[in-house]
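Read through the structure below, which is laid out as structure tokens, and then see the notes.
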């Protein structure tokens, strides 16, 4: 459920755009043709379409940000090009587990780089 959140948000943005525009057009046409509410129909068409488009753009942008963040995280933690091979076996500098597969990762600007096990890397994300 929580895997590939960026892709799911982008897909949700497209679904929101399509369904929102469809509902806006249907509601706007219904208001235009039913009961002589021409001005309300035009307002629904214009502002409904604009609101749907803005909402979809925000969702898509959030998906892009999450995707970029994941790519940066992978590069920082040594996962370039999807390579998840461990660097060595030893003691994790974060949780002090011994005889684990370690990856060289940047902890933060103050601490710098550390050798981390998989579970500490997942907690760090």
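The figures follow:
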item: Alpha-carbon centroid distance for the pair region 94-113 / region 26-56, whole angstrom; result: 56
item: Normalised contact order of the chain, rounded percent, pairs of Cα under 8 Å and 6 or more residues apart; result: 19
item: Projected label distance in nm at residue 27 and residue 88, using a 7 Å step from Cα toward the beta-carbon; result: 6.2
item: Helix 5-33 vs. the chain, principal-axis angle (Cα, 0 to 90°, nearest 10); result: 10
item: Nitroxide proxy distance, nm - points 7 Å out along Cα→Cβ at residue 18 and residue 96; result: 5.5
item: Over region 5-76, relative contact order from alpha-carbon pairs under 8 Å, at least 6 apart, %; result: 46
item: FRET efficiency, residue 106 to residue 61 (Cβ-Cβ, R0 25 Å, nearest 0.05); result: 0.45
item: Shape of region 5-76, Cα gyration tensor, a/c cut at 1.5; result: prolate
item: Residue exposure sequence - 107, 26 - by fewest surrounding Cβ within 10 Å; result: 26, 107
item: Angle between the chain longest axis and helix 38-76 axis [Cα atoms, degrees, rounded to 10]; result: 10
item: Value of Rg to Rh for the chain (Rh from inverse mean 1/r over Cα pairs, i.e. Kirkwood); result: 1.33
item: Order of 23, 116, 88, 121 under a 10 Å beta carbon neighbour criterion, fewest first; result: 88, 23, 121, 116
item: Choice from 14, 113, 53 showing the highest fluctuation, given a GNM over the chain with Cα pairs closer than 10 Å; result: 113
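Rule-based calculations on the coordinates, nothing more; no lab input. Note that this is a predicted model, so its numbers are computed, not measured. Note that each Cβ is placed from the backbone with ideal geometry, even for glycine, and that neighbours are counted across all protein chains shown.
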